Amino acid sequence: MDYAASLEYLHALGWELRAGAKFELRQVAALLAELGDPQQAFAAVHVAGTNGKGSVAALLAAALQAAGYRTGLYTSPHLQRPTERIRIAGKEIAPAEFAAAMTAAAAATERLLARGTLPHPPSFFETLTAAGFWALRAAAVQLALVEVGMGGRLDATNVLQPVAAAITPVGLDHEKYLGATLAAIASEKAGILKPGLAAVSSPQAPEVAAVLAARAQAARARLLPPAEMLGDPVMDAEGRFSFRARYRGEAVRLRPGLRGRHQVENALTALRVLEVLSAGGWPVAADAAAAGFAHVAWPGRLEKLAAHPEVYVDGAHNPAAARALAAFLEEIGWRPVLVFGAMRDKASGEIAEILLPRARAVVLTAPGHPRALSPSALAAQFGAAEQVETAADLPRALARARALATDGAPVLVTGSLYLVGEARELLAGDSAGAGEIAPSAGGEWER
């Protein structure tokens with residue numbers, strides 16, 4: 001298959017979880033076995049959580065690359081194109097390499113179906129995960145940072161036998177699949193814990209911390225706190241923080257390249273994982289950790305896309321992420337014009353209550369996706385506030401938001417990651433997404 005054909009193949013797989021199916025590891029394990037178990041060819045760090053797991057994985061990849069290791073990064077969802085999910089030595093995989101991985105996964109699937117080993121093709125995410133691991137092996141990575149897609153216990157990535165793990169803050173999201181309480185969701189996230197594994201947990205709500213501690217004990221895993229911060233962090237005019245932390249018995253000064261106080265927490269979690277790796281035969285010097293953190297970039301997380309007026313994007317698609325965004329806006333003193341859109345299954349009403357008081361004005365719109373909530377339905381959730389308007393699509397919403405952004409106020413596009421991806425496509429002029437897989441093709445619970 002060429003790249004276009006590989007996208008069509010993914011499209012044909014349909015929804016993330018087909019009717020009557022259930023989450024399990026049997027299918028992806030069989031597919032990986034048919035591919036020669038590529039996940040066994042490299043060491044891995046497994047990262048679960050509700051918010052921040054992509055940032056932690058990106059911080060780790062940047063630090064390990066600065067230390068001289070050949071790294072792989074497997075994350076989800078993508079914002080514009082599925083090649084974003086697989087990065088080798090800091091660079092997005094090329095379309096031809098992606099097509100080669102998908103060709104291998106598709107051929108293995110056909111063999112399994114022909115033998116009757118599998119009753120139906122693996123799902124969108126299972127297939128991408130197998131292809132991703134195949135690509136990481138083909139690229140001869142030494143150490144891969146692998147983000148859980150959803151949950152942990154039955155996530156396709158949980159076939160790994162990692163050398164370290166992290167669990168970032170756990171909140172309410174994907175309740176349809178993971179459970180309606182923090183404790184239930186935490187139990188699913190804790191499913192990545194394995195005997196002898198050292199896992200670093202970010203600060204958690206008490207009920208989450210209790211579940212993680214109990215599950216770690218039952219699994220005979222070690223649950224560790226983040227690195228210790230020394231003194232208070234200092235924010236610059238761009239919203240980035242510098243601070244000192246204890247690392248391998250010494251003080252190190254860090255300035256992560258990602259905006260927001262919540263990225264301090266993510267950096268401390270990543271720093272402690274680097275200590276675990278260093279003790280386990282993957283040493284990372286303090287200067288490499290600092291250099292990697294300083295140069296890390298992660299699309300769609302308080303990312304600046306334009307100036308005059310400044311336009312930022314942030315994927316605050318659940319209440320916990322919205323609270324982190326609101327805290328950032330309050331701390332930096334911004335009252336932006338919000339461009340907001342959401343999917344129908346998201347807690348958009350709660351997100352509205354969190355973000356509306358921080359906004360100068362709001363333009364409600366919908367990403368180009370059949371599962372998007374209409375602007376009029378969103379307006380009902382945002383209430384009858386004078387500063388709330390609607391626009392049929394993102395180009396019109398951005399035009400109106402820019403007109404409202406007077407006196408230097410920034411524009412902030414937030415809510416669904418589909419909307420963030422559209423904004424990046426529109427504002428960055430990125431043509432690499434041409435021929436992109438249709439939004440309805442799968443992975444919808446990810447956004």
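Here, each number is a calculation from the coordinates, and none is a lab measurement. If you're wondering where the values come from, they're calculated on a predicted model, not measured in any experiment. As a convention, Cβ positions derive from the backbone with ideal geometry for all residues, glycine included, and neighbour counts pool all protein chains shown.
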Open item on the list: Based on the alpha-carbon set only, what is the convex hull volume of region 288-337 divided per residue, in Å³?
Closed with: 112 Å³
Open item on the list: I'm checking a number: the convex hull volume of the Cα atoms of region 161-203, normalised per residue, in Å³. What is it?
Closed with: 74 Å³
Open item on the list: Below 25 Å, Cα to Cα, which lysines can residue 304 reach? Residues fewer than 8 away in the same chain don't count.
Closed with: 53, 91, 346
Task: Percent antiparallel among DSSP beta bridges (both partners in the chain, rounded to 5) - done: 35 percent
Open item on the list: At a threshold of 8 angstrom on Cα-Cα distance, excluding pairs fewer than six apart, so keeping six or more, what relative contact order does region 68-197 reach in percent?
Closed with: 24 percent
TODO: Would you mind calculating the gained length between residue 407 and residue 376 on full extension (0.36 nm times residue separation, minus the Cα-Cα distance), in nm to one decimal?
DONE: 8.3 nm
Open item on the list: Over region 71-217, what portion of Cα pair distances is larger than 22 Å, expressed as a whole percent?
Closed with: 47 percent
Open item on the list: Give me the one-decimal Kirkwood hydrodynamic radius in Å for the chain, with the sum taken over alpha-carbon pairs.
Closed with: 22.2 Å
TODO: Starting from the Cα coordinates of region 142-285, work out the convex hull volume and express it per residue in Å³.
DONE: 126 Å³
Task: Span-like helix ranges in the chain, DSSP H, alpha carbon extent 18 angstrom or more, Kyte mean at least -0.5 - done: 53-66, 95-115, 124-138, 206-219, 262-279, 319-332
- [ ] Measure of size requested: the Rg and Dmax of region 29-152, with Cα atoms as the atom set and Å as the unit; please supply both.
- [x] 14.2, 46
Open item on the list: Under 8 Å for C-alpha pairs, at least 6 residues apart: give me the relative contact order for region 303-446, rounded to a whole percent.
Closed with: 32 percent
TODO: When you have a sec, figure out the Kirkwood radius of region 303-446 from all distinct Cα pair distances and drop it here in Å to one decimal?
DONE: 15.0 Å
Task: Mean Cα-pair separation over length for the chain, i.e. relative contact order, pairs under 8 Å, 6 or more apart, % - done: 18 percent
Task: Mean projected area (nm²) of the alpha-carbon convex hull when region 168-241 is viewed from all directions - done: 6.5 nm²
Open item on the list: Please give the Cα centre distance for region 340-391 versus region 297-315, rounded to the nearest Å.
Closed with: 19 Å
Task: Highest-MSF residue in the chain out of 265, 331, 147 [GNM, Cα springs under 10 Å] - done: 331
Task: Protection-proxy order for peptides 248-260, 57-69, each taking the mean of Cβ atoms within 10 Å per residue, highest first - done: 57-69, 248-260
Open item on the list: Taking each pair of distinct Cα atoms in region 362-433 once, what is the resulting Kirkwood hydrodynamic radius in Å?
Closed with: 12.9 Å
- [ ] Out of all DSSP beta bridges with both ends in region 150-278, state the antiparallel percent to the nearest 5.
- [x] 60 percent
- [ ] Can you check what the net charge comes to around residue 254, using other residues whose Cβ is under 15 Å from the Cβ of residue 254 (Lys, Arg +1; Asp, Glu -1)?
- [x] +2
